[in-house]
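**Student:** Below is the structure I would like to discuss, written out as structure tokens.
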Amino acid sequence: MIKNKLLTDEFIYYEKLENGLEVYIHPKKEHIDNYCALQVNFGGQDLEYNFNALNYSLPAGTAHFLEHVYFESDGQNLSDEFADKNADINAYTTREVTKYYFNSQENFVPLLKRFLEHFSKVNISEETIKKERNIIKKEILMYEDNLYNQVNDELLKQMYLDEKVWIDLAGTIDSVNKINSYVLKQAIEHFYRPNNMILIVTSNYDPELILDVIKASNFNQNKSISLIKPNLIFNLGTKTTHDIVKLNKNQKVSYAMLGIKIDLGLFDKVDESLKRLAIILFFEYHFSESSKNYEILDKEKLINYMYNTNVKITEHYAYFTVGSESNNPKKLIKRIKELLRKLEPIEEDIFLAHKHSRIGNFIGYFENVYKINYILSDLILKNINIYDYLAVISSIKSTDIEITKQTIKSQNILSVIYTDK
Amino acid sequence: MDYYSKTINGIEVNYLKINKHKHIIVAYNFISLYDYQTFNERNMIPNILENNMRKYPTKDKFNLHLDMLYGAIFKADIYSRGNLLANNFYLKFVNKKYLRDQINLTKDAFMFLNELIYNPKTYNNYLTQKSVNDQLYEAKDILKTFNQDKPTHAYINFKKAILNDNKKRLKIYPVEQKLKDVNKITITKSYFDMLNNDQMKIFVIGDFDSEEIDNIIKSNLRPRKITQIQTLKNFNNNNNKINSNVKDIKEVDELSISRLYLGYKVNVNFNSRLYFALNLLNIIIGGYSKSKLFSVIREELNLVYFIYSSYNHDTGILYINFECEPVDENKAIDQIKSIIDAVKHGEFSDLEIIRAKDYLIKQFKSRADSLSGLLNLSILADIEENQRFDLDKTINDYKNITKADLVEASLLLSLDTIYRYTKKDDYND
């Protein structure tokens, strides 16, 4: 096991098992909670892929469907077993991964054994699939009348022709109807392999003990030979209409959102950690609530407390969005575009403050086991060097983040307004 | 953890010394008697102070200063419980041990809170007209957001329906019908009441040097008279009127799914045996993924994606919330009623009680293990009980609940309101 330092008094242990599973163990001796997460590299975007030289496709929502049914096997429900031992077990799906996790204050080691045993073999019944299909359809409906989601989805549909970028993670009513035991079995066989997963344990146990438990589990006997290769070729084209206004008299407020497609080619020669930070810090500098532009938009009463920014960076594409409820949405979009045309040079003292903030936030993640486990798995997924994270923040220069400015071109800027007037 | 208190310059300072966290929290708590007439003003004060500092007069400058303090987090909360209301201002910042800079953020944190609370921009001794106008403008936006967001709209209209005989217990900001009465005179009066007449307490949590903090407070916080607001009035507010007729209210709208609430009224004294029993009963009924509602309504009948129950002593209501297709509304309601009836007849197992106790105790332990959770528990214990948070006592209070207590508590539940925010479709037309 390789031991690495994360902070003055925080260490993480790493080992890659023979079956390809990557294991990270982060001891938190003084905390009461123990937390374990198994992250499968299979998410909402994995609709087409290549496995053993053959091409396959899956209905939208397959990863999410699997997440719903995976705790049930041969009539037994892992949730019940864990509840009996006062542990919480749950899962969620993102565009990139499916994450299964549990936490407990007692019985952690036997629960970890049981958790891994479950992942070594599952058998999901037709009855379970039918039951969860009904529930998932209700889940899809739940989010449909959320205004923010509607505008965000519409904007991404304009920005990217490829549905993998924006399709609902849960799929559609039609696609969910197409998911059956055959589809799920295929997805498990291809994606649920140790060499396509990482395991992160944050606990008050000795790391060696935890590693021994993992190594002795059935899960470690699953040998992975073939490598899964998701066919993630994205059509990053944009729709011809760049600005959309939709009128709906039933709305009580208007919401406007502007998106910028980020040209990742600008960062070809830059290290992954630095690239991500450069993009994030650039937009933070210009559009966070500490920015001058925020102050301008606020002062002109074009935004309110629903102001929101988001930076998404994947291996294949990246974008930034900024939006708000607004009493004057058209003027808001026009004003943001004006501000984008006249972005001011980076002031060093403000840039330093943003770096300070990022350092403080990172240290703050260690406050509880849930938060740090989540952040570490997220950083690992994004290929960020967690051992030198603070050093990269400290060393980044304003010139590094200025590269992002070159992506601000009219062809990369799109907007969507949903308004009641 | 070492917990001790001192009175410095008329202020009760509570020290919770705990060395496993990497941040420190300093919180100023101003406790007053809850007053429906000034509820809007009390809720507006934090934002006015945040946006009206002399030293950091704009939002970007305010946030930038917090960024410079290594991402210090400022929060202002309102705790309204029983007959009390507390304005809480807190700053969470990195312990200097973890920074390469030779910077000590502790004094900066106190200075920042002092500046924010005690030195806002004023004009002719009033908080500025602009700051008040901004809050009134924002309050109107909030009301529109509430109407737009379907789950929030349903929640507020349910609360209004069940508490229509006692609007003062609603406690949802902003109170629309009182906004017309808000002006710079009323807000300034509430602000000075907070400064001069409230009971003030400070909480410091983390790995700090208490002598350093004593000195900072002595030198920088003005002496104030000791007030005992908490003992002025009985904390309990358990005067819910129990109705014999169930209100069934339907609101039809363009929705993707129906949102429903069932509200049960229940009156018990705070911190009594039945209070703890009700909290535990809530877990058994719908407080977690192994609850009766989740197991039957979602897992067995597949009528919903989520369903849960929530008990709040302050309103004297236990409510059940779920979302479903219109065609399933009545089936779900009937099932819920029969689950509650069964509970009243003692139809729940010892295993269900043990699981619920374990779950609840685990949640308390987990919250007490985080810095923010510990602050929250400490402040609530202070407001609600006028005493220190005691994890062992809390655990015992729940461990001692018997099945008979749970049945006794359940018999107090009286269904008052069914509120349906219903999807317009063939079934409802």
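**Student:** Any chance you could count how many residues in region A:112-167 are within 24 Å of B:I257 (Cβ to Cβ), away from chain B (no Cβ under 14 Å) and hydroxyl-bearing (S, T, Y)?
**Tutor:** 0
**Student:** What are the pairs, 6+ residues apart or on separate chains, where a residue within region B:131-146 that is under 23 Å from A:N250 (Cβ atoms) has its Cβ under 6 Å from a residue that is polar (S, T, N, Q)?
**Tutor:** Partner pairs satisfying both residue conditions: B:D141/A:N304; B:F146/B:T152.
**Student:** Report every pair of residues separated by at least 6 positions or lying on different chains whose Cβ atoms are under 6 Å apart, first residue within region A:184-196 and closer than 13 Å to A:Y49 by Cα, second of a type outside the set (A, V, I, L, M) and assigned to a helix (DSSP H, G or I).
**Tutor:** A:A187/A:T62
**Student:** For the structure I just gave you, tell me whether A:L302 is modelled with pLDDT of 95 or more and touching a strand residue (DSSP E or B) at 6+ places or on another chain (Cβ under 9 Å).
**Tutor:** Considered against the rule, which asks whether it is modelled with pLDDT of 95 or more and touching a strand residue (DSSP E or B) at 6+ places or on another chain (Cβ under 9 Å), A:L302 comes out as yes.
**Student:** Right, A:N361: away from chain B (no Cβ under 14 Å) and within 18 Å of B:N63 (Cβ to Cβ) or not?
**Tutor:** No, not satisfied.
**Student:** Sticking with this one: Of all residues being touching a residue at least 24 places away in the same chain (Cβ under 8 Å) and touching a strand residue (DSSP E or B) at 6+ places or on another chain (Cβ under 7 Å) in region A:56-65, which is nearest to A:I136 (Cα to Cα)? Just the residue, please.
**Tutor:** Looking at residues that are touching a residue at least 24 places away in the same chain (Cβ under 8 Å) and touching a strand residue (DSSP E or B) at 6+ places or on another chain (Cβ under 7 Å), I get A:H64.
**Student:** Among (1) within 13 Å of another protein chain (Cβ to nearest Cβ); (2) under 29 Å from A:I303 (Cβ atoms), which single condition is A:T407 missing?
**Tutor:** (1)
**Student:** Among what's in region B:51-75 and is under 14 Å from B:P120 (Cβ atoms) and either assigned to a loop (DSSP other than H, G, I, E, B) or free of Cβ contacts under 8 Å to residues at least 40 places away in the same chain (or both), pick the residue that is nearest to the other protein chains (Cβ to nearest Cβ).
**Tutor:** Once the filter is applied, the top-ranked residue is B:T58.
**Student:** Could you list, in sequence order, the residues of region A:298-322 that are within 13 Å of chain B (Cβ to nearest Cβ) and crowded, with 21+ Cβ neighbours inside 10 Å?
**Tutor:** Answer for region A:298-322, where residues must be within 13 Å of chain B (Cβ to nearest Cβ) and crowded, with 21+ Cβ neighbours inside 10 Å: A:L302, A:I303.
**Student:** Given the conditions (1) more than 23 Å from the chain's Cα centre (by Cα); (2) under 22 Å from B:L136 (Cα atoms); (3) within 14 Å of chain A (Cβ to nearest Cβ), and given that B:M44 satisfies all but one, which numbered condition is not satisfied?
**Tutor:** With respect to (1) more than 23 Å from the chain's Cα centre (by Cα); (2) under 22 Å from B:L136 (Cα atoms); (3) within 14 Å of chain A (Cβ to nearest Cβ), B:M44 is out only on (1).
**Student:** Does A:D268 satisfy being free of Cβ contacts under 8 Å to residues at least 24 places away in the same chain and surrounded by 16 or more Cβ atoms within 10 Å (Cβ to Cβ)?
**Tutor:** no
**Student:** Shifting gears a bit: Go through region A:151-179 and give me each residue that's within 29 Å of A:S326 (Cβ to Cβ) and assigned to a helix (DSSP H, G or I).
**Tutor:** Correct list: A:V151, A:N152, A:D153, A:E154, A:L155, A:L156, A:K157, A:Q158, A:M159, A:E163, A:V165, A:W166.
**Student:** Can I ask one more? Determine if region A:200-208 includes at least one residue that is over 30 Å from B:F146 (Cβ atoms) and assigned to a helix (DSSP H, G or I).
**Tutor:** Yes - at least one qualifying residue is present in region A:200-208.
**Student:** Go through region B:379-399 residue by residue and tally those that are touching a residue at least 40 places away in the same chain (Cβ under 8 Å) and surrounded by fewer than 20 Cβ atoms within 10 Å (Cβ to Cβ).
**Tutor:** Residues meeting the conditions: 8.
**Student:** Let me ask something additional. Go through B:N196, B:N282, B:N267, B:N271 for me and flag whichever is polar (S, T, N, Q), farther than 30 Å from B:E138 by Cα and free of Cβ contacts under 8 Å to residues at least 40 places away in the same chain.
**Tutor:** After ruling out the rest, the residue left standing is B:N282.
**Student:** Considering (1) over 30 Å from B:K92 (Cβ atoms); (2) assigned to a helix (DSSP H, G or I); (3) not aromatic (F, W, Y), say which one A:S357 fails and leave the rest.
**Tutor:** Failing condition for A:S357: (1).
**Student:** Just name the residue that is nearest to A:N107 (Cα to Cα) out of those in region B:338-388 that are outside any helix (DSSP H, G or I), modelled with pLDDT of 95 or more and away from chain A (no Cβ under 14 Å).
**Tutor:** The residue in question is B:F348.
**Student:** Going by what's in this entry, would B:S244 be described as part of a loop (DSSP other than H, G, I, E, B) and either at pLDDT 95 or above or within 14 Å of another protein chain (Cβ to nearest Cβ) (or both)?
**Tutor:** no
**Student:** Suppose the filter is buried (at least 23 other Cβ atoms within 10 Å of the Cβ), in contact with a Ser or Thr (Cβ under 7 Å, 6 or more places away or on another chain) and part of a helix (DSSP H, G or I); does B:I285 pass it?
**Tutor:** Yes.
**Student:** Okay, next question. If I ask for residues that are not in a helix (DSSP H, G or I) and not hydrophobic (A, V, I, L, M, F, W, C), which ones from region B:389-399 would you list?
**Tutor:** The one that is not in a helix (DSSP H, G or I) and not hydrophobic (A, V, I, L, M, F, W, C): B:D390.
**Student:** Let me ask something else about it. So, in region B:184-198, exactly how many residues are more than 24 Å from the chain's Cα centre (by Cα) and closer than 13 Å to B:F39 by Cα?
**Tutor:** Result for region B:184-198: 2.
**Student:** Quick test of your reading of the structure: A:V69 fulfils all but one of (1) touching a helix residue (DSSP H, G or I) at 6+ places or on another chain (Cβ under 8 Å); (2) away from chain B (no Cβ under 14 Å); (3) under 23 Å from A:I173 (Cβ atoms). Name the failing condition by number.
**Tutor:** Evaluating A:V69 over (1) touching a helix residue (DSSP H, G or I) at 6+ places or on another chain (Cβ under 8 Å); (2) away from chain B (no Cβ under 14 Å); (3) under 23 Å from A:I173 (Cβ atoms) leaves (2) as the failure.
**Student:** While we're on this one: Is there a residue in region B:320-337 that is surrounded by 19 or more Cβ atoms within 10 Å (Cβ to Cβ), outside any helix (DSSP H, G or I), at the interface with chain A (Cβ under 10 Å from one of its Cβ atoms) and β-branched (V, I, T)?
**Tutor:** No, every residue in region B:320-337 fails to be surrounded by 19 or more Cβ atoms within 10 Å (Cβ to Cβ), outside any helix (DSSP H, G or I), at the interface with chain A (Cβ under 10 Å from one of its Cβ atoms) and β-branched (V, I, T).
Conditions tested, residue by residue: (1) at the interface with another protein chain (Cβ under 9 Å from one of its Cβ atoms); (2) in contact with a strand residue (DSSP E or B) (Cβ under 6 Å, 6 or more places away or on another chain).
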residue	(1), (2)
B:D77	no, yes
B:Y90	no, yes
B:K96	no, no
B:D101	yes, no
B:A109	no, yes
B:N114	no, no
B:Y123	no, no
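Rundown of residues vs (1) surrounded by 14 or more Cβ atoms within 10 Å (Cβ to Cβ); (2) assigned by TED's automatic domain parsing to the domain that holds B:L360; (3) part of a loop (DSSP other than H, G, I, E, B), yes/no style:
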site: B:I185; (1), (2), (3): no, no, no
site: B:S190; (1), (2), (3): yes, no, no
site: B:I205; (1), (2), (3): yes, no, no
site: B:D214; (1), (2), (3): yes, no, no
site: B:V268; (1), (2), (3): yes, yes, yes
site: B:F276; (1), (2), (3): yes, yes, no
site: B:L281; (1), (2), (3): yes, yes, no
site: B:S289; (1), (2), (3): yes, yes, yes
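Results for (1) of a type outside the set (V, I, T); (2) touching a Ser or Thr at 6+ places or on another chain (Cβ under 9 Å); (3) assigned to a loop (DSSP other than H, G, I, E, B), shown as yes or no for each residue.
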{"site": "B:Y3", "(1), (2), (3)": "yes, yes, no"}
{"site": "B:K6", "(1), (2), (3)": "yes, yes, no"}
{"site": "B:I24", "(1), (2), (3)": "no, yes, no"}
{"site": "B:D77", "(1), (2), (3)": "yes, no, no"}
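**Student:** Now, a different point. Does B:L255 fit the bill of being aliphatic (A, V, I, L, M), buried (at least 16 other Cβ atoms within 10 Å of the Cβ) and modelled with pLDDT under 95?
**Tutor:** Taking the combined requirement at face value, the residue satisfies it.
**Student:** Follow-up question, since we're still on this one. Being assigned to a helix (DSSP H, G or I) and farther than 30 Å from A:P110 by Cα is the requirement here; does A:Y285 meet it?
**Tutor:** For A:Y285, the condition - assigned to a helix (DSSP H, G or I) and farther than 30 Å from A:P110 by Cα - is met.
**Student:** For region B:198-211, state whether one or more residues are of a type in the set (S, T, Y) and modelled with pLDDT under 95.
**Tutor:** Within region B:198-211, one or more residues are of a type in the set (S, T, Y) and modelled with pLDDT under 95.
The values are calculated or read from the model by the stated rules, or taken from the named source; none is laboratory data. Just so we're clear, the structure is a prediction, and the values are computed from it rather than from any experiment. For neighbour counting, all protein chains shown are included, and Cβ atoms are generated from backbone atoms with ideal geometry for every residue, glycine included.
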